[in-house]
């Protein structure tokens, strides 16, 4: 399994980073995790085609995590001329929010003819779902977005990849990553405690309890980026755009 960090930024593009967007590949399976508004820029900078993905997982319904979907739809219809089905997967309310965003950004875009099937799968918390060769379990976390916000635990080809999404501290932040081969975890602040985001000191205090083989911090604010030298790099890594990790 390989993770390519296409975008590791927060909602404010701190550090000049692109918005949340991660590509996961294993054998013939490829999926996108998060689809921030800079998704097309991210794919072009990486020299990749959006036709290489068949599924897009969204952790929660905030613009910096799903705002690229209307642009990706138009890209699929026009320049990329997509033929293969595309499935959008996420929390309850994903399809309705997607349709609303498309109509706001590009009225009538959902009525444009397209040769590919556009499918939706909405997940329920704590219910493991098999999607092709991939299994995913969503864990609900504290991050208000008008619908459930999820952390995800993916199982594919004998590997476990966990992702916190955006989350305030809770037991599920630990549960989703326990024993994972790779845990990609948001680390918005260094020491400032917020109800909807994690900070480094909270994460570091639970390194042993999480017990992930590899832990990578992402979605960092300017304040967190300024404290990079204070991070225990023997216990975790810091994500950056273009980073590639073999799991």
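Any read-out appearing in this document is the output of simple, stated calculations on the displayed coordinates, not a laboratory observation. Note that the structure is predicted; figures quoted are calculated from it, not measured. Ideal geometry is used to build each Cβ from the backbone, glycine not excepted, and the neighbour counts take in all protein chains shown.
Scan the stretch 111-144 for residues that are in contact with a helix residue (DSSP H, G or I) (Cβ under 6 Å, 6 or more places away or on another chain) and more than 16 Å from residue 183 (Cα to Cα) and jot them down. 112, 114, 120, 122 - these are the residues of the stretch 111-144 that are in contact with a helix residue (DSSP H, G or I) (Cβ under 6 Å, 6 or more places away or on another chain) and more than 16 Å from residue 183 (Cα to Cα). Going by the structure shown, is residue 171 touching a strand residue (DSSP E or B) at 6+ places or on another chain (Cβ under 8 Å) and either surrounded by fewer than 22 Cβ atoms within 10 Å (Cβ to Cβ) or in contact (Cβ under 8 Å) with a residue 40 or more places away in the chain (or both)? It is false that residue 171 is touching a strand residue (DSSP E or B) at 6+ places or on another chain (Cβ under 8 Å) and either surrounded by fewer than 22 Cβ atoms within 10 Å (Cβ to Cβ) or in contact (Cβ under 8 Å) with a residue 40 or more places away in the chain (or both). For the stretch 34-49, a residue qualifies if it is within 23 Å of residue 83 (Cβ to Cβ) and either in a loop (DSSP other than H, G, I, E, B) or in contact with a strand residue (DSSP E or B) (Cβ under 8 Å, 6 or more places away or on another chain) (or both), and the qualifying residues are 35, 39, 42, 43, 46, 47, 48, 49.
Within the set 15, 30, the sole residue that is surrounded by 14 or more Cβ atoms within 10 Å (Cβ to Cβ), farther than 26 Å from residue 136 by Cα and touching a residue at least 24 places away in the same chain (Cβ under 8 Å) turns out to be 15. Within the stretch 114-123, the only residue that satisfies the criterion of being in contact with a strand residue (DSSP E or B) (Cβ under 8 Å, 6 or more places away or on another chain), in a loop (DSSP other than H, G, I, E, B) and surrounded by 13 or more Cβ atoms within 10 Å (Cβ to Cβ) is 116.
Scanning the stretch 4-29 for residues that are touching a strand residue (DSSP E or B) at 6+ places or on another chain (Cβ under 7 Å) and not in a loop (DSSP other than H, G, I, E, B) turns up 4, 5, 6, 7, 21, 22, 23, 24, 25, 26, 29.
If you go through the stretch 124-140 and keep only what is free of Cβ contacts under 8 Å to residues at least 40 places away in the same chain, under 21 Å from residue 212 (Cβ atoms) and either in a strand (DSSP E or B) or under 15 Å from the mean Cα position of the chain (by Cα) (or both), you end up with 135, 137, 139, 140. Identify all residues within the stretch 57-113 that are part of a helix (DSSP H, G or I), touching a strand residue (DSSP E or B) at 6+ places or on another chain (Cβ under 8 Å) and closer than 16 Å to residue 145 by Cβ; write none if there are none. Passing the criteria: 66, 69, 94, 95, 98.
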